Amino acid sequence: MPKVIFDTDPGVDDAMALLFLHLHPEVELLGITTVFGNAAIETTTRNALFLCAAFGIDAPVAQGAGVTFDPARAPGQWPEAIHGRNGLGDIALPEPLTLPALDPRDGAQFIIDTVRAHPGDVSIVAVGRMTNLALALQRDPQLPELVKDVTIMGGAFCVQGNVTPAAEANIHGDPEAADLVLGAAWPVTVIGLDVTTQTQMSRAELAQLAQGGGSLALLHDISQKYIDFYDRIIPDAMLVHDTCACVHLLRPDLFRTVEGQMRVVCGGIAEGQTILKPAGRPFPPSPWDGVPVQRAAIGVAPEAVMHLIGQVLSGRG
Ligand code: BDR
Ligand code: CA
């Protein structure tokens, strides 16, 4: 049974991923760490606490980074047109909002303490900026030896980005952090736009799920603005980026991966681009030398992934 720390910036598709992890019978959710990204850190943390209350999740929530790993970087703009000003599709949150208490530690410390409490057993699934993971690595250089594996949603290898033609949002939002995480000696699998743009839930499927009421109805309501935003590119469906990454943790057989050393472009017009040097391919000396070989997903069985997501969300997983 995977013991999971979920690092997230809720976020509409983050909310679905959180519910998926909570409902999957084989996942033990050890905790949630928040990061800025889809909204400011105060908002993503409030949303994580709200979703825990709404979904009946009693795992601890620790607030993570509110600024980039290199604090000199400008934070960028929140994607309000996609996730709403409140990060949850601008639905009205119940007032007054009664929230669970926050864990007193910051996100990076929560990751370190939790990994050290279960050495070799913890899987980290990170679906926002990689800032908390980078801070944890900086604070505890032994961490890579103690973590079982890391799955991240981010990057684009053989396809274009979604915030620039070169870059995907989670990597573009903190490229130095992502470069550190991909270059650390822990096993990383990157689930990027190459595969997550293929995993789509139609508005009709979501409406069908919502008939189950409760958490599913909430998921449906928060997702409408997100679906509207993408309508010109993906008619009447939502990309389930973050849930796709969670599926990889449980069913890696549904993905095709390539191995290689990955670097992140940290400046210029291609800032945030993820570039993989295939393992074993000879090149003259380059910035990829000495970087650990990791895995990036470049193929997926989208029907099987979406079937599993539907089964788990509707309690038949
Ligand atoms: C990623 O960016 C965020 O908006 C989503 O939650 C997802 O993690 C997709 O590029
Ligand atoms: Ca996210």
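Details
- Residue within region 140-150 that is more than 16 Å from ligand 2 (Cβ to nearest atom) and of a type in the set (Val, Ile, Thr) present: yes
- Residue list for region 4-47, filter: in a loop (DSSP other than H, G, I, E, B), touching a residue at least 40 places away in the same chain (Cβ under 8 Å) and within 16 Å of ligand 1 (Cβ to nearest atom): Asp9, Pro10, Gly11, Val35, Phe36, Gly37, Asn38, Ala39
Listed here are the residues, each with its yes/no results for (1) open to solvent by 40 Å² or more (accessible area, probe 1.4 Å); (2) touching a residue at least 40 places away in the same chain (Cβ under 8 Å); (3) out of contact with any Cys (no Cβ under 7 Å at 6 or more places or on another chain).
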residue	(1), (2), (3)
Asp221	yes, yes, yes
Met238	no, yes, yes
Asp242	no, yes, yes
Cys246	no, yes, yes
Leu249	no, yes, yes
Pro252	yes, yes, yes
Glu259	yes, no, yes
Lys277	no, no, yes
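- Any helices (runs of 4 or more DSSP H) falling wholly within region 202-255 and containing at least 3 residues that are within 16 Å of ligand 2 (Cβ to nearest atom): 214-230, 241-250
- Counted as qualifying within region 146-201 are the helices (runs of 4 or more DSSP H) with 2 or more residues that are touching a helix residue (DSSP H, G or I) at 6+ places or on another chain (Cβ under 9 Å) and closer than 29 Å to Ile233 by Cα, namely 169-172, 193-196.
- Condition met for Pro71 (away from ligand 1 (no atom under 16 Å from the Cβ), at pLDDT 95 or above and either open to solvent by 20 Å² or more (accessible area, probe 1.4 Å) or of a type in the set (D, E, K, R) (or both)): no
- Test: residue in region 75-92 that is within 14 Å of ligand 1 (Cβ to nearest atom), crowded, with 24+ Cβ neighbours inside 10 Å and either of a type in the set (D, E, K, R) or outside any loop (DSSP other than H, G, I, E, B) (or both): yes
- Taken over region 132-173, the residue count meeting the criterion of being more than 12 Å from ligand 1 (Cβ to nearest atom), of a type in the set (Asp, Glu) and crowded, with 24+ Cβ neighbours inside 10 Å is 0.
The values are calculated or read from the model by the stated rules, or taken from the named source; none is laboratory data. Values in this document were obtained by computation on a predicted structure and should not be read as measured data. Backbone-built Cβ (ideal geometry, glycine too); neighbour counts: all protein chains shown. The area values use the complete protein model at the heavy-atom level, side chains included, leaving out ligands, DNA and RNA. Shrake-Rupley method; radii C 1.70, N 1.55, O 1.52, S 1.80 Å.
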